Structure formats: C-alpha cells, structure tokens
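Chemist: Here it is, the structure in full.
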Amino acid sequence: MVRFGLTVVRHGETRYNKDKILQGQGVDEPLSATGFRQADAAGLFLSSVKFTHVFSSDLLRAKQTAATILGKNKFCKDLEIKYDARLRERKYGVAEGRPLTDLKAMAKAAGEQCPSFTPSGGETLDEVRERARDFFEFLCQLAVELEQKEQDMHGAASRSSGTPEEQLVFPWTNHCSEAELSSDNSGASKILDANILVVSHGAYMRNWIGYFVSDLNCTLPTNLTKSQLSSVSPNTGVSHFIIKLENGNLLKPEITCVCLNQDSHLVDVGAECVASKVF
C-alpha cells in the first residue's frame, strides 16, 4: 500500500488581499509585511515536519510563502521548491485587479451567484477543478513511483526500520479532532512514502478540496461544519490530508482530512491577520 501526507497552505497576505481586490493570475503582488509574518508563523508551525517534496504555484505571493516556510524548517531548508502553473489561482479575467464588489455586481447582473459566476476571460469552476485533479493525480503517481523505487532498492522490510528522526511530527494533531495518523494496525503506520507540501491560493484550494469531498469521498473531521468546508482558507491556513492507494491504485485513493484551514499559528501574529476571504 502506498501512503503519503499532503499539506496544503494558502499564501500569506498581500496588500490586495487586505484591500479586497481580486488578484487571480494577472496581478502578481508580493507579500505584505503582514504576509511575511504569517508565512514565518506557518513556517514555525511546520518546522518539525520532514517534507520530502515541496510544490508551489509560480505566482510571487505563493513562491515567497513557500520559501519562507522552508527557511524555518529543521529538516528541509535546502529542499528544492518546484513551481507548477497548475497550482495558480483561478483566473478571473476582466475582474482581476478590481474590487471583489465588482465581481459580485457582475454576477448579479448576469443573474448568477459568486463564486460560480465566470467573468469574461476567466476560468470556470470546472476548469479549475480539472487543473486540481490533474495535479493531484500527478502527486499520486509520484508517490507510487517512490514506493516502487524504495521496494526495488531495499525490499519491503526496510520501510518499518526508520529511526525516530525519520518519523514525521504532526503539529496539528493537538488542534484537530482527527488523529488518524496512528490508527493503522500495521507497524509502519507513521511511515509515509512521501510527505508533500503544496503552497497555493484560496479559490483554487477551495475547489481542490471540493473535488476531494464530492468526487473522491474524502473523510472529514467530525467537528467540521458545512460553512467551514465551503469557506476560503485564511492566509497561510494549513490543511493536511493522508492519502492511501491500495496496491498502488491511482483510480481509488482513500483520503482522510486531518485538519482543514488550521490557523492557530496566527494567534500571536497580530489582530490584522484575521482570515481574509478574498480570493
């Protein structure tokens, strides 16, 4: 069985987030001072997690967040960040660079609701979901190939022989109701074939998680409300999933959400770091 961890983090705040202006793909703003503090806090929160791979959207706000998080990590400071356009924010076409209220007005004029409305030149939700599906299948294939390579090199017995330093530290188990991480009966329950960090964007992440839930029957924490599930992650909100692929079957992944949009690391960052719901 292939088993890997997936940690998804939204980028830190930009001044456009603060001013409730849509960025999408066409506005490539850097992090604000607050955004860098949020990324620092997320990095400290994840500092003891030994990631094997890091992927980021190729937009500046995500790239800066990923680099800041890695800079705080005890194990992965020199890990290469791979930038992938499939992780970009939803494209909002003519609405990019304009206030969120303009998008809502466009949707109302068209007799539609946000966020399902697609402005001229923008991506539909189905197109965003297709990007997310394609990237997730790429991650599953990556984990399968890593497991096969490990089997070829060392044999099955070696997977349960990790040293304590190789065991992965999951800070969010203290904050979340789901503690699936040690529930397996196998002796290698905490050994993962890969532990992947992804830094992306609010609307994209909401769509990706929707794909997990509606298409792949992701198991959710019992205390998660519908409003929490449908809301956009706060800046540097952390979500964590465990994915299992029985017999390397890419078509039927078993996904458990350990926590969704976790933001306890922002408590001491400052009052201005209240969750921003701007995409």
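The values are calculated or read from the model by the stated rules, or taken from the named source; none is laboratory data. Source: prediction; values computed, not measured. Note that we place each Cβ from the backbone using ideal geometry, even for glycine, and neighbour counts take in every protein chain shown. Accessible surface areas use protein heavy atoms only, side chains included; no ligands, DNA or RNA. Shrake-Rupley method; radii C 1.70, N 1.55, O 1.52, S 1.80 Å.
Chemist: From the residues in the range 112-148 that are open to solvent by less than 70 Å² (accessible area, probe 1.4 Å) and over 30 Å from Ile242 (Cα atoms), which one is modelled with the lowest pLDDT?
Modeler: Only one residue tops the list, namely Cys114.
Chemist: Test each condition in (1) modelled with pLDDT of 95 or more; (2) within 30 Å of Ile255 (Cα to Cα) for Asp19 and report the one that comes out false.
Modeler: For Asp19, the failing item is (2).
Chemist: Among Ala179, Ala95, Ala109, which is the only one that is over 29 Å from Glu80 (Cα atoms), exposed (fewer than 14 other Cβ atoms within 10 Å of the Cβ), at pLDDT 65 or above and of a type in the set (A, V, I, L, M, F, W, C)?
Modeler: Values: Ala179 fails: at pLDDT 65 or above; Ala95 fails: exposed (fewer than 14 other Cβ atoms within 10 Å of the Cβ).
Only one candidate qualifies: Ala109.
Chemist: If Thr101 passes every condition in (1) open to solvent by 50 Å² or more (accessible area, probe 1.4 Å); (2) within 15 Å of the chain's Cα centre (by Cα); (3) among the hydroxyl-bearing types (Ser, Thr, Tyr) but one, which one does it miss?
Modeler: If we test Thr101 against (1) open to solvent by 50 Å² or more (accessible area, probe 1.4 Å); (2) within 15 Å of the chain's Cα centre (by Cα); (3) among the hydroxyl-bearing types (Ser, Thr, Tyr), just (2) comes out false.
Chemist: When the range 112-137 is examined, which residues are found to be touching a residue at least 12 places away in the same chain (Cβ under 8 Å) and either closer than 30 Å to Asn249 by Cα or part of a helix (DSSP H, G or I) (or both)?
Modeler: Once the filter is applied, which keeps residues that are touching a residue at least 12 places away in the same chain (Cβ under 8 Å) and either closer than 30 Å to Asn249 by Cα or part of a helix (DSSP H, G or I) (or both), the range 112-137 yields Leu125, Val128, Arg129, Arg131, Ala132, Arg133, Asp134, Phe135, Phe136, Glu137.
Chemist: Suppose we filter Ile242, Ile255, Ile196 for residues that are of a type in the set (Val, Ile, Thr), buried (at least 21 other Cβ atoms within 10 Å of the Cβ), more than 24 Å from Gln23 (Cβ to Cβ) and touching a residue at least 24 places away in the same chain (Cβ under 8 Å); which single one remains? Step through it out loud before you land on a result.
Modeler: Numbers: Ile255 fails: buried (at least 21 other Cβ atoms within 10 Å of the Cβ); Ile196 fails: buried (at least 21 other Cβ atoms within 10 Å of the Cβ).
The unique qualifying residue is Ile242.
Chemist: State which residue is farthest from Val267 (Cα to Cα) when the search covers only the range 1-47 and only residues that are open to solvent by less than 30 Å² (accessible area, probe 1.4 Å), of a type in the set (Ser, Thr, Tyr) and out of contact with any helix residue (DSSP H, G or I) (no Cβ under 8 Å at 6 or more places or on another chain).
Modeler: So the residue we want is Thr7.
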